[in-house]
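**Q** The following block contains the structure, expressed as structure tokens.
The values are calculated or read from the model by the stated rules, or taken from the named source; none is laboratory data. Small disclaimer: the values here were computed from a predicted structure and weren't measured. Backbone-built Cβ (ideal geometry, glycine too); neighbour counts: all protein chains shown. When the accessible area is computed, the model is the full protein with side chains, heavy atoms only, and any ligands, DNA or RNA have been set aside. Shrake-Rupley method; radii C 1.70, N 1.55, O 1.52, S 1.80 Å.
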Amino acid sequence: METYYGIAVSPGIFIGPAFVLDDARRSIPRRHVPAAGVTRQLERLERALVKSVDDLSRVQADVASSLGKDAAAIFGFHIGMLSDEAVLGPIRDMIQSDRTTAEYAAHRVFGEWAERFGAMPDDSFRTKVTDLNDLSARVISHLAGDRADRLQHLDYSAGVVATELTPSQTVAFDREHVHALATDFGGLTSHMSIVARALGIPAVVGCGALSPNVTDETMLVIDGDEGLVVVDPDEQTLADFEREREQRRVYQLSLNELAELEAVTTDGVRIELHGNIEFPDEISDIIEKGGLGVGLYRTEFLYLTREREPTETEHFEAYKKCVELLDGRPLTIRTVDLGADKYTQSQAENPERNPFLGLRSIRYCLKNIPMFKTQLRAILRASALGPVRMMFPLITSLSELRQARYLVHDVMEDLAEEGVAFDRNVPMGMMVEVPSAAIQSAAFAREADFFSVGTNDLVQYTLAVDRTNERVAGLFNPQHPAVLKLIRDVVRSARRRDIPVSCCGESAGSLGFSLLLVGLGLRTLSVPSGGIPRLKRLFRSVDGTTCERIARRAISFDSDIEVSAYLRDQLRKLLPDPQGPRGGV
Ligand code: PEP
Ligand code: MG
């Protein structure tokens, strides 16, 4: 039995077998397979070889027709190696005698060949080392693809253990069989973590060397409240976690009873609690938990769940579904926020050196205007069906907001000419998630119809802490006085111009921070649906004046550590059992 500690990102306890997904680009651990699994590994190897030879034959034919036979000859060497028994025999032997995975055996044997070639005195052999490394990568990537495909059609209910997961991998999982996630890398606000919360499955990220030490079907406990993973738990540990899981279930049921009640403080301050969604289906859960609407719809997931760009009809159908499910409650549709850790296939093929500071979000949309206008048309059409607001992400300068609004007006004119219905007064707001927008919030408040503070990015950009990097996760602190001062200024600017302001970052769902937000004057919070009940419980037991006092004191500290300690202390006084039987994210 071994316990790995990581970052708790999505609550709940999973107990069951593992399915492991390695990232072949990083490392290929030596993993043993059971005797019964050897044939499967041999079959996987054969499939990967056939696919690799197919790829290479296609490339060879293309190169022969464009550059001539001589240039294409190199691919003859590649194809030859993939059918050479001197290479394939040792790979098959290793799988059989050492009972290792096909990935590991291919990696080792190709590596040995590369070493042999590299040590030869003749230059013409040494230049083949790169070719061998390429071949190895090609075969291994087909083996990895085979694993990823299997994950979409698993034949047992598993907790997925991976080096790292992208949001698009996470949304593609077989939801019937994937019941929890645990990764070696990642942070609380990485979008993979956000998807895990959306799917309502326990998840722990940043566990260090977890994945190399787990094999398919190893028994696991993944505790998404405490942020730990137990590999091969003993009987006693299993029994403890089963009891704990039951206690949490009962506690959750007791919280859900608050759904019908308002989030109102003991002195009558009303807090509007909305939900964040990535998929329209999440709306029923928000309503069930007593949320008043959707404060953030991350529409980029329409791109991440398909191979190609969604059409206007696909956008519109998704928005229409949301409006219908919300039945008169407000829907805030954020225009696509692609880039950084959420990328399409074409973005993945041209990776940026520093994607969080690159062509992401509104910048990407303003460079891809036809794509952007397709989405704007669909949002406007949906605005004719119910209360819809439109929100632009990652606005850093006024000119971006103006361009985005200009494009919306342009699309409005097209729709009007075509006689298509839309709401001409659809509110057009912006996320405040970079320091420049917060510092200039007074100017933005003159031109935006509303603000929503996105603390996931605001913290990342203010404190220079990568939100997806477990190594600096301890520095990602929304309670940092610099962040609090920015939020205070944004709220003031919004109030002066009398425009709505909310907060939709993940930390709005954490108990201590939400007290601060209310104390700073926020009255609308949008959080993952799972967080709504415990916020209701919290607000119904505090008074607004206390929140203001706490915020005033917190913002007066110079250090984030002092703020955090102070908040923990205040929260303990207000709610002796703040998060139920276990931690809670
Ligand atoms: C944020 O940055 O706080 C936010 C809500 O947007 P996202 O997490 O999608 O970047
Ligand atoms: Mg953001």
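**Q** Condition first: touching a Pro at 6+ places or on another chain (Cβ under 8 Å) and under 15 Å from D560 (Cβ atoms). Now tell me which residues in the stretch 469-495 satisfy that. Working first, answer last.
**A** First pass over the stretch 469-495, keeping only residues touching a Pro at 6+ places or on another chain (Cβ under 8 Å): 486, 494.
Passing the criteria: only L486.
**Q** Could you pull out the residue among R405, R424 that is of a type in the set (D, E, K, R), under 25 Å from G386 (Cβ atoms), out of contact with any Gly (no Cβ under 9 Å at 6 or more places or on another chain) and in contact (Cβ under 8 Å) with a residue 24 or more places away in the chain?
**A** Selected residue: R405, the only one of R405, R424 that is of a type in the set (D, E, K, R), under 25 Å from G386 (Cβ atoms), out of contact with any Gly (no Cβ under 9 Å at 6 or more places or on another chain) and in contact (Cβ under 8 Å) with a residue 24 or more places away in the chain.
**Q** Of the residues that sit in the stretch 290-344 and are of a type in the set (F, W, Y) and at pLDDT 95 or above, which one is nearest to M390 (Cα to Cα)?
**A** Per the stated criteria, the residue is Y297.
**Q** Looking at the stretch 454-462, can you tell me whether even one residue there is within 13 Å of ligand 1 (Cβ to nearest atom), modelled with pLDDT of 95 or more and under 19 Å from R497 (Cα atoms)?
**A** Pass one, the stretch 454-462, residues within 13 Å of ligand 1 (Cβ to nearest atom): 454-462.
Filter once more, so that each one left must be modelled with pLDDT of 95 or more: 454-462.
Restricting the remaining residues to those that are under 19 Å from R497 (Cα atoms) gives none.
No, the stretch 454-462 contains no residue that is within 13 Å of ligand 1 (Cβ to nearest atom), modelled with pLDDT of 95 or more and under 19 Å from R497 (Cα atoms).
**Q** For the stretch 184-192, does any single residue satisfy the condition of being surrounded by fewer than 22 Cβ atoms within 10 Å (Cβ to Cβ) and assigned to a helix (DSSP H, G or I)? Please lay out each step first, then the result.
**A** Here is the first cut: in the stretch 184-192, the ones surrounded by fewer than 22 Cβ atoms within 10 Å (Cβ to Cβ) are none.
No, there is no match, as no residue in the stretch 184-192 is surrounded by fewer than 22 Cβ atoms within 10 Å (Cβ to Cβ) and assigned to a helix (DSSP H, G or I).
Each row is one residue, and each column tells you yes or no for (1) surrounded by fewer than 19 Cβ atoms within 10 Å (Cβ to Cβ); (2) of a type in the set (V, I, T); (3) within 26 Å of the chain's Cα centre (by Cα).
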site: S399; (1), (2), (3): yes, no, no
site: G429; (1), (2), (3): no, no, yes
site: E433; (1), (2), (3): no, no, yes
site: T468; (1), (2), (3): no, yes, yes
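**Q** Further question: Residue check: is A473 touching a Phe, Trp or Tyr at 6+ places or on another chain (Cβ under 9 Å) and within 16 Å of ligand 1 (Cβ to nearest atom)?
**A** no
**Q** Which residue is nearest to N456 (Cα to Cα), if the candidates are limited to the stretch 514-544 and must be among the hydrophobic types (A, V, I, L, M, F, W, C) and within 16 Å of ligand 2 (Cβ to nearest atom)?
**A** V527
**Q** Here is a check on your reading of the model: is A382 in a helix (DSSP H, G or I), more than 16 Å from ligand 2 (Cβ to nearest atom), among the aliphatic types (A, V, I, L, M) and open to solvent by 10 Å² or more (accessible area, probe 1.4 Å)?
**A** no
**Q** Can you name the residue in the stretch 333-358 that is without any contact (Cβ under 8 Å) to a residue 60 or more places away in the chain and open to solvent by 70 Å² or more (accessible area, probe 1.4 Å) and, of all such residues, is farthest from ligand 2 (Cβ to nearest atom)?
**A** E349
**Q** Can you list the strands (runs of 3 or more DSSP E) found entirely within the stretch 212-307 that contain at least 2 residues being within 16 Å of ligand 2 (Cβ to nearest atom), crowded, with 21+ Cβ neighbours inside 10 Å and under 22 Å from the mean Cα position of the chain (by Cα)?
**A** Fully inside the stretch 212-307 and qualifying: 272-277, 294-298.
**Q** Where the second residue is within 16 Å of ligand 2 (Cβ to nearest atom) and open to solvent by 10 Å² or more (accessible area, probe 1.4 Å) and the first is among the aromatic types (F, W, Y) and lies in the stretch 504-522, which pairs have Cβ atoms under 6 Å and are six or more apart or on separate chains?
**A** Between residues of the stretch 504-522 that are among the aromatic types (F, W, Y) and residues that are within 16 Å of ligand 2 (Cβ to nearest atom) and open to solvent by 10 Å² or more (accessible area, probe 1.4 Å), the close pairs are F513/P478; F513/S507.
**Q** Something else about it: Specify the residue that is nearest to the chain's Cα centre (by Cα); the eligible residues are those in the stretch 319-347 that are assigned to a loop (DSSP other than H, G, I, E, B) and among the polar types (S, T, N, Q).
**A** T344
**Q** Look through the stretch 408-421, keep the residues that are over 17 Å from P370 (Cα atoms) and in contact (Cβ under 8 Å) with a residue 12 or more places away in the chain, and return whichever of them is least open to solvent (accessible area, probe 1.4 Å). Let's see the steps before the verdict.
**A** Our first condition is that a residue be over 17 Å from P370 (Cα atoms); within the stretch 408-421, this holds for 416-421.
The next check asks that each one be in contact (Cβ under 8 Å) with a residue 12 or more places away in the chain; those that pass are 420-421.
Values: V420: 45, A421: 65 Å².
If we take residues in the stretch 408-421 being over 17 Å from P370 (Cα atoms) and in contact (Cβ under 8 Å) with a residue 12 or more places away in the chain, then V420 is least open to solvent (accessible area, probe 1.4 Å).
**Q** Give the residue that is farthest from I277 (Cα to Cα), with candidates limited to residues of the stretch 511-554 that are outside any helix (DSSP H, G or I) and under 23 Å from the mean Cα position of the chain (by Cα).
**A** So the residue we want is L525.
**Q** Quick one: what pairs do we get from the stretch 268-284, first residue within 22 Å of D543 (Cβ to Cβ), second open to solvent by less than 20 Å² (accessible area, probe 1.4 Å) and not aliphatic (A, V, I, L, M), C-beta under 6 Å, 6+ apart or different chains?
**A** Matching pairs, first to second residue: V269/G544; I271/F539; L273/G291.
**Q** Filter the stretch 348-375 down to the residues that are under 13 Å from Y303 (Cβ atoms), in a helix (DSSP H, G or I) and at pLDDT 95 or above and list them by number.
**A** Y364, C365, M371, F372, T374, Q375
**Q** On to the next question. Can you give me the ranges of the helices (runs of 4 or more DSSP H) entirely in the stretch 102-182 with at least 1 residues that are open to solvent by 30 Å² or more (accessible area, probe 1.4 Å) and in contact (Cβ under 8 Å) with a residue 40 or more places away in the chain?
**A** In the stretch 102-182, the matching helices (runs of 4 or more DSSP H) lie at 102-118, 128-152, 167-172.
**Q** If R30 satisfies every condition in (1) open to solvent by 70 Å² or more (accessible area, probe 1.4 Å); (2) touching a strand residue (DSSP E or B) at 6+ places or on another chain (Cβ under 7 Å); (3) modelled with pLDDT of 90 or more but one, which is the exception?
**A** (3)
**Q** Consider T524 against the criteria (1) within 27 Å of R572 (Cα to Cα); (2) β-branched (V, I, T); (3) open to solvent by less than 10 Å² (accessible area, probe 1.4 Å): it satisfies all of them except one. Which criterion is unmet?
**A** (3)
**Q** Looking at the stretch 494-505, which of its residues are open to solvent by less than 10 Å² (accessible area, probe 1.4 Å) and more than 16 Å from ligand 1 (Cβ to nearest atom)?
**A** Hit for the stretch 494-505 is A494, nothing else.
**Q** On to the next question. Starting from the stretch 533-561, take each residue that is in contact (Cβ under 8 Å) with a residue 40 or more places away in the chain and list its partners that are surrounded by fewer than 16 Cβ atoms within 10 Å (Cβ to Cβ), counting only C-beta distances under 6 angstrom and pairs at least six apart or across chains.
**A** P533/N256; D543/T266; D543/D267; G544/D267
**Q** Same structure, new question: So, L331, is that one in contact with a strand residue (DSSP E or B) (Cβ under 7 Å, 6 or more places away or on another chain) and within 16 Å of ligand 1 (Cβ to nearest atom) or not?
**A** Numbers: in contact with a strand residue (DSSP E or B) (Cβ under 7 Å, 6 or more places away or on another chain): yes; within 16 Å of ligand 1 (Cβ to nearest atom): yes.
When the stated conditions are applied, L331 passes them.
**Q** Could you tell me which residue of the stretch 482-508 is farthest from the chain's Cα centre (by Cα), considering only residues that are small (G, A, S) and closer than 20 Å to T545 by Cα? I'd like the intermediate steps shown before the answer.
**A** At the first step, the residues of the stretch 482-508 found to be small (G, A, S) are 482, 493-494, 502, 505, 507-508.
With the extra rule that they be closer than 20 Å to T545 by Cα, the set shrinks to 502, 508.
Details: S502: 21, A508: 17 Å.
Of everything passing the filter in the stretch 482-508, S502 is farthest from the chain's Cα centre (by Cα).
**Q** Report, by residue number, each residue of the stretch 359-373 that is among the charged types (D, E, K, R) and open to solvent by 20 Å² or more (accessible area, probe 1.4 Å).
**A** Result: R363, K367, K373.
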